Amino acid sequence: MWFKKTKESKIQKKVKIPEGLWVKCENCKEIVYKKEIDKNLKVCPKCNYHFRISAKERIKLLTDEGTFIEFNADITSGDPLNFKDTMPYPERIKENQKKSGLNEAVISGEALINGHPVVFAIMDFSFMGGSMGSVVGEKIASAAETALEKEVPLICVASSGGARMQEGIFSLMQMAKVSAAIGRLKDNGVPYISVVADPTFGGVAASFATLGDVIIAEPRSLVGFAGPRVIEQTMKQQLPDNFQRAEFLLEHGLIDMVVNREDMKATLTKLIEFLL
């Protein structure tokens, strides 16, 4: 008698994984548990890639707890050119305010770093790519004036795609305005430390981001005026793999230090003590 073996049907159960539990690193392409990255200050534990963080997260990271006092918080952009692309400029501002929880692409204020009084201006890339319009320029220039008045160091953290096209020439004028305000700090011996985060480009990189007494960058931050693809097309040449990365810029003398996020507060403290 022949016995026929029947195949049992395998029931496959699809396991639903909640969204946001895992993050793919943009550098090493590894899939990393999000809580592990958050615990590590938004730095990939596999390759040390520094993910972008918000201005509020950076304030918490760099300042003594409870010491940050924001100023010029209620200034918002006008619409001097009645600019409209896919939507009117005022609507785009409101959309970005809702998305980012910020009024503008920079937060400025006073704080303590390990007991040292400083003035901060910290940009947030999530608000229109950290673009510099009239309000951003005014807030950074005002921060420089406050630092001069109180004779305390100014620390700017840049993360920006450059000038804000919706404000045209008014946006470009901010480069000169902020640079002049920082020039007055230098004339009076008030320290200015610039921290460049990923990415820092265009008019921001061409003005206050590269005017610091000391210029610090986070690892692998992209910093430059035009992007590498534009430069390649213009020069008709192959660029190095790490072109415009922080390490490349350190090697070629554009920046002074590359500092890990976990060491940034201690490094700023040492620099403040040295410069004062």
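The values are calculated or read from the model by the stated rules, or taken from the named source; none is laboratory data. Small disclaimer: the values here were computed from a predicted structure and weren't measured. Cβ: placed from backbone, ideal geometry, glycine included. Neighbour counts: every protein chain shown. Surface accessibility is based on the protein's heavy atoms, side chains included, excluding ligands, DNA and RNA. Shrake-Rupley method; radii C 1.70, N 1.55, O 1.52, S 1.80 Å.
Details
- Entries in Lys46/Lys186; Lys150/Lys270; Lys29/Lys236 that, when Cα-Cα distance is taken, lie over 32 Å: Lys46/Lys186
- Across the options Pro88, Leu21, Val230, the greatest Cα extent toward the positive end of the charge dipole of the chain (unit charges at beta carbon of Lys, Arg, Asp, Glu) belongs to Leu21.
- Net charge of Cβ neighbours under 14 Å - reference Glu30; Lys, Arg +1; Asp, Glu -1: +2
- Neighbour net charge for Glu91 - beta-carbon separation under 13 angstrom, K R +1, D E -1: +2
- Rounded to whole Hz, the Karplus (6.51, -1.76, 1.60) HN-Hα couplings of the range 263-276, x for glycine and proline: 9, 5, 5, 5, 5, 4, 4, 4, 5, 4, 4, 5, 6, 7
- About the Cα centre, charge dipole magnitude for the chain (Lys/Arg +1, Asp/Glu -1 at Cβ), debye: 2080 debye
- Per-pair calculated FRET efficiency, R0 = 51 Å: Phe274 and Thr86 via Cβ, rounded to 0.05: 0.55
- Each Lys or Arg adds one and each Asp or Glu subtracts one; over the other residues with Cβ under 10 Å from the Cβ of Met264, this totals 0.
- Sequence ranges 237-248, 213-224, 55-66, ranked by mean other-Cβ count within 10 angstrom, highest first: 213-224, 55-66, 237-248
- DSSP bridge analysis restricted to the chain gives an antiparallel fraction near 45%, rounded to the nearest 5.
- The range 202-255 versus the range 112-138: alpha-carbon centroid distance in Å: 20 Å
- Built amide H within the under 5 Å cut-off of Ser131, gap 5+: Gly161
- The peptide list 194-206, 103-115, 28-40, put in order of mean Cβ contacts within 10 Å with the highest first, becomes 194-206, 103-115, 28-40.
- When peptides 119-132, 262-275 are sorted by average Cβ neighbour count within 10 Å, with the highest value leading, the order is 119-132, 262-275.
- For the residue pairs Lys42/Lys139; Lys139/Lys265; Lys60/Lys265; Lys34/Lys56, alpha carbon separations beyond 21 Å are given by Lys42/Lys139; Lys139/Lys265.
- Tilt relative to the chain, helix 168-187 - C-alpha long axis, 0 to 90 degrees, to 10: 60 degrees
- Only one of (i) 1.21; (ii) 1.01; (iii) 0.92 was calculated from the structure for Cα Rg over 2.2 N^0.38 Å, and its label is (i).
- When the surface is traced with a 1.4 Å probe over the full set of protein chains, His50 keeps roughly 10 Å² accessible.
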